[in-house]
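Report on the following structure.
The values are calculated or read from the model by the stated rules, or taken from the named source; none is laboratory data. This one's a predicted model, so the numbers in the text were calculated from it and none came from an experiment. No Cβ is skipped: glycine too gets one built from the backbone with ideal geometry, and neighbour counts run over all protein chains shown. These accessible areas exclude ligands, DNA and RNA; they are computed on the full protein's heavy atoms, side chains included. Shrake-Rupley method; radii C 1.70, N 1.55, O 1.52, S 1.80 Å.
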Amino acid sequence: MARMSAEERRESVIRAATTEFARGGYHGTSTEAIARRVGVSQPYLFRLFPGKKAIFLAAAERCVEDTIRMFAEAAEGLEGEEARHAMGEAYIEAISEQPERLMMQMQMYLAVAAAEEEGDREFGEAVRAGWMRLWDTIHLPLGADPHDTTTFLAQGMLINCLVAMGFPADHRVWAGLGPSESDG
């Protein structure tokens, strides 16, 4: 079996870190657990990343970039309501099929709040920059209307909460999130 390059190993660390941080959060996840999941020693882990914060931020960046790519692909060639529907469907499918994606997003927001409470703004700056790239990605397909963009993201956050709490798709709390009867 061929040895992995440092870049391939780095990728495997990001994937493992996403799994571990999604489940345990920033403070509840050890670098030892990440190293064990990847099959490397902690010293090797720290040759790839300078520390736990750098690993978390790389996993957070990957989570945001994967979501941006998913929205861009879903909305390609579409505008307005068609784009909104396609992006919404793609997102619900993604977090349903890959619950770690949703859990990592939720952990990112918690890590920002906890870090900023302690005076560390680096988490927030990185996550907010990703959020703005996400906002920009969906803004144009939705017609460049700030209200429509904000509404889409607000509904997405509600979807995050409902999915995280385990509400089944046919539960009444979902009733107002789909297209209304008058939409077509």
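Just to verify a result, which residue in the range 125-140, among those that are aliphatic (A, V, I, L, M) and surrounded by fewer than 16 Cβ atoms within 10 Å (Cβ to Cβ), is farthest from the chain's Cα centre (by Cα)? Ranking the qualifying residues of the range 125-140, first place goes to Leu140.
Yes or no, residue by residue, for (1) more than 30 Å from Leu162 (Cβ to Cβ); (2) among the basic types (Lys, Arg); (3) touching a His at 6+ places or on another chain (Cβ under 6 Å):
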| position | (1), (2), (3) |
| --- | --- |
| Thr19 | no, no, no |
| His27 | no, no, no |
| Thr31 | yes, no, no |
| Arg47 | yes, yes, no |
| Ala83 | no, no, no |
| Gly88 | no, no, no |
| Glu97 | no, no, no |
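In the set Ala94, Ala58, Ala22, only one residue is closer than 24 Å to Trp131 by Cα, modelled with pLDDT under 95 and under 13 Å from the mean Cα position of the chain (by Cα); that residue is Ala94. Within the range 67-76, restricting attention to residues that are in contact (Cβ under 8 Å) with a residue 24 or more places away in the chain and among the small types (Gly, Ala, Ser), which residue is most open to solvent (accessible area, probe 1.4 Å)? Within the range 67-76, the match that is most open to solvent (accessible area, probe 1.4 Å) is Ala72.
Scanning the range 49-58 for residues that are open to solvent by 50 Å² or more (accessible area, probe 1.4 Å) and either aliphatic (A, V, I, L, M) or in contact (Cβ under 8 Å) with a residue 40 or more places away in the chain (or both) turns up just one, Lys53. Quick one: how many residues across the range 115-124 are surrounded by 12 or more Cβ atoms within 10 Å (Cβ to Cβ), among the charged types (D, E, K, R) and either touching a helix residue (DSSP H, G or I) at 6+ places or on another chain (Cβ under 6 Å) or assigned to a helix (DSSP H, G or I) (or both)? Final tally of qualifying residues: 2. Only one of the numbered conditions (1) free of Cβ contacts under 8 Å to residues at least 60 places away in the same chain; (2) within 22 Å of Gly24 (Cα to Cα) is not met by Trp135, and that is (2).
Met108 falls short on exactly one of the conditions (1) surrounded by 16 or more Cβ atoms within 10 Å (Cβ to Cβ); (2) outside any helix (DSSP H, G or I), and that condition is (2). With respect to (1) buried (at least 18 other Cβ atoms within 10 Å of the Cβ); (2) farther than 16 Å from Met108 by Cα, the lone exception for Val64 is condition (2).
Just for helices (runs of 4 or more DSSP H) wholly inside the range 1-48: which have at least 2 residues that are open to solvent by 70 Å² or more (accessible area, probe 1.4 Å) and either touching a Phe, Trp or Tyr at 6+ places or on another chain (Cβ under 8 Å) or among the basic types (Lys, Arg) (or both)? In the range 1-48, 6-24, 31-38 are the helices (runs of 4 or more DSSP H) which contain 2 or more residues that are open to solvent by 70 Å² or more (accessible area, probe 1.4 Å) and either touching a Phe, Trp or Tyr at 6+ places or on another chain (Cβ under 8 Å) or among the basic types (Lys, Arg) (or both). If you check Gly143 against the conditions, is it among the small types (Gly, Ala, Ser) and surrounded by fewer than 13 Cβ atoms within 10 Å (Cβ to Cβ)? Spelling it out, it is not the case that Gly143 is among the small types (Gly, Ala, Ser) and surrounded by fewer than 13 Cβ atoms within 10 Å (Cβ to Cβ).
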